[in-house]
1. Could you list, in sequence order, all residues of segment 116-133 that are surrounded by 12 or more Cβ atoms within 10 Å (Cβ to Cβ) and either hydroxyl-bearing (Ser, Thr, Tyr) or modelled with pLDDT under 90 (or both)?
2. Taking interchain pairs and intrachain pairs at least six residues apart, which have beta carbon atoms under 8 angstrom, with the first residue in segment 53-73 and aliphatic (A, V, I, L, M) and the second surrounded by fewer than 13 Cβ atoms within 10 Å (Cβ to Cβ)?
3. Take segment 45-94 and flag every residue that is on the phi > 0 side of the Ramachandran plot and either touching a helix residue (DSSP H, G or I) at 6+ places or on another chain (Cβ under 6 Å) or exposed (fewer than 11 other Cβ atoms within 10 Å of the Cβ) (or both).
4. Suppose we filter 102, 79 for residues that are touching a Cys at 6+ places or on another chain (Cβ under 7 Å) and without any contact (Cβ under 8 Å) to a residue 40 or more places away in the chain; which single one remains?
5. Looking only at residues in segment 105-117 that are in contact (Cβ under 8 Å) with a residue 12 or more places away in the chain and assigned to a helix (DSSP H, G or I), which one is nearest to residue 50 (Cα to Cα)?
6. Could you check, for segment 86-93, whether at least one of its residues is assigned to a helix (DSSP H, G or I), under 22 Å from the mean Cα position of the chain (by Cα) and without any contact (Cβ under 8 Å) to a residue 24 or more places away in the chain?
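The values are calculated or read from the model by the stated rules, or taken from the named source; none is laboratory data. This is a predicted model, so every value here is computed, not measured. Here Cβ is always computed from backbone atoms with ideal geometry, including for glycine, and neighbour counts include all displayed protein chains.
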Amino acid sequence: MSEHDDYGELQAMAENVADPGPVAPFVGLDRYFDEPSPSGDGRADGLLGWAARASKAQRGGLCRFAAWCVKATDSERRVIMVFMSRYEGRVPLGAVRDVAAVAGCDRKTVQRAVARFVRYFPGAISETRRSNG
């Protein structure tokens, strides 16, 4: 008998040990115990439902937003999120440094993010205030 045969016997013994865990009482009888729990994303369903009821202008804005998301880098998307959540589209004096620190990027990325976002959404970031940033 070689050492491989001994290993095979030990492996067979380990694999044939009964599972001591309890079995759910309705497995095989009730379909809810056999199916995995639903893990769908309700946000996507909600977005599609909204798009079906939205006006043409709103759907166009959603398409532009999706196009911007494809082109923008992660850091640029973070920059715009900071601008919209903290400054509501305004760029007060000193905001570029603050946004760069919060978004974890440099000032050039902030400027590039604003320029790209304004190409897709003219007027979204105040033109007069942007010159101060």
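1. Within segment 116-133, the first condition is being surrounded by 12 or more Cβ atoms within 10 Å (Cβ to Cβ), and the residues that meet it are 116-118, 120-121, 124-126, 129-130, 132-133.
Scanning segment 116-133 gives 118, 120, 121, 124, 125, 126, 129, 130, 132, 133.
2. Short answer, once both residue conditions are applied: 62/51.
3. First, the residues of segment 45-94 that are on the phi > 0 side of the Ramachandran plot: 88-89, 94.
The answer is 88, 94.
4. On the way: 102 fails: touching a Cys at 6+ places or on another chain (Cβ under 7 Å).
It is 79.
5. The initial filter retains those residues of segment 105-117 that are in contact (Cβ under 8 Å) with a residue 12 or more places away in the chain, namely 105, 109-114, 116-117.
Those left that are additionally assigned to a helix (DSSP H, G or I): 109-114, 116-117.
Values: 109: 32, 110: 31, 111: 32, 112: 31, 113: 27, 114: 27, 116: 26, 117: 23 Å.
Per the stated criteria, the residue is 117.
6. Filtering segment 86-93 down to residues assigned to a helix (DSSP H, G or I) leaves 86-87.
Within this subset, residues satisfying the condition of being under 22 Å from the mean Cα position of the chain (by Cα) are 86.
Keeping just the survivors that are without any contact (Cβ under 8 Å) to a residue 24 or more places away in the chain gives 86.
Yes, some residue in segment 86-93 is assigned to a helix (DSSP H, G or I), under 22 Å from the mean Cα position of the chain (by Cα) and without any contact (Cβ under 8 Å) to a residue 24 or more places away in the chain.
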